[in-house]
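Working notes, beginning with the structure itself.
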Amino acid sequence: MREQEQKLANVKKSCDVVRKVSKVFSVAIIVVAVLTLISGIALMATKDEINSNLVFDQVTRQINIVGDTAGFVTMDEVAVDVETGLFSFNFDGMKFITQGKFAELFALYCITATVICVCMAGIFITIQKTFEFIKNSETPFDEKVLKRLKAVFVAMTIVLGLLSGLGTAIVSGVIFWSVYCILDYGYVLQTEVDETL
């Protein structure tokens, strides 16, 4: 019985480590999301001032501060092309620049980064809560743990499909399904042992 208790203690320790690491990542990503959101709002709030102080030189392809001849930023090609699984998002940044909408372009970059950070934070928070639930349960081979893991695995497969594509979703779905089957087998063995005691 001692070895079994030691193994369970190791499972709880590993779950706690994953929970803590996920929490650190989620907090860091949330901080970045808040900063990018604030930056996007600040850019839009001061767009008139920013747009009036920047000029695009068609010949040198540089964005310069008005009255400054040194190149501030060189722009060869500015386009945002985000293709994530089922979603694709693209816009022509040069159109914004030639129209003098510098602040709007930079704000769009910030808002895009915010959305990506929020999705990533959601994934890490889900991982954190799941491993916290496993850590606090009596055994990892519990019906409630299995139901929770099944829901998390399905949700993460869907999110990976939306963000990374069908191939990634299929591979991750198969891996999650295999892990679930292993844990389900452990649950059956745990139930048989509990019934014999």
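The values are calculated or read from the model by the stated rules, or taken from the named source; none is laboratory data. Remember, it's a predicted structure, so these values are computed and weren't measured experimentally. With ideal geometry, Cβ positions are generated from the backbone for all residues, glycine too; neighbour counts draw on all protein chains shown. With ligands, DNA and RNA removed, areas are computed over all heavy atoms of the protein, side chains included. Shrake-Rupley method; radii C 1.70, N 1.55, O 1.52, S 1.80 Å.
Some notes on this structure:
- The modelled label-to-label distance for the pair K129/V11, using points 7 Å beyond Cα in the direction of Cβ, is 2.3 nm.
- Between G165 and G85, L86, the built amide H atoms are under 5 Å apart, and every one of these is 5 or more places off in sequence or on another chain.
- Sites C119 and D48, calculated FRET efficiency, Cβ-Cβ separation with R0 35 Å, nearest 0.05: 0.65
- A 1.4 Å probe run over the protein chains yields, for region 98-190, 56 Å² of accessible area per residue, whole-number rounding.
- For L54, distant residues with modelled amide H under 5 Å away: V66
- Among the listed pairs K12/K129; K20/K147; K20/K150; K23/K135; K23/K144; K7/K150, a Cα-Cα separation exceeding 19 Å is found for K20/K147; K20/K150; K23/K144; K7/K150.
- When the solvent-accessible area of region 1-57 is split by element, carbon and sulfur atoms take up 68 percent of it, the probe being 1.4 Å.
- For region 33-39, Karplus couplings with θ = phi - 60° (6.51, -1.76, 1.60), whole Hz, Gly/Pro x: 4, 5, 5, 5, 5, 4, 4
- Within-14-Å neighbourhood charge of L146 [Cβ basis; K, R +1; D, E -1]: 0
- Summing charges over all other residues whose Cβ lies under 14 Å from the Cβ of K20, with Lys and Arg as +1 and Asp and Glu as -1, gives +4.
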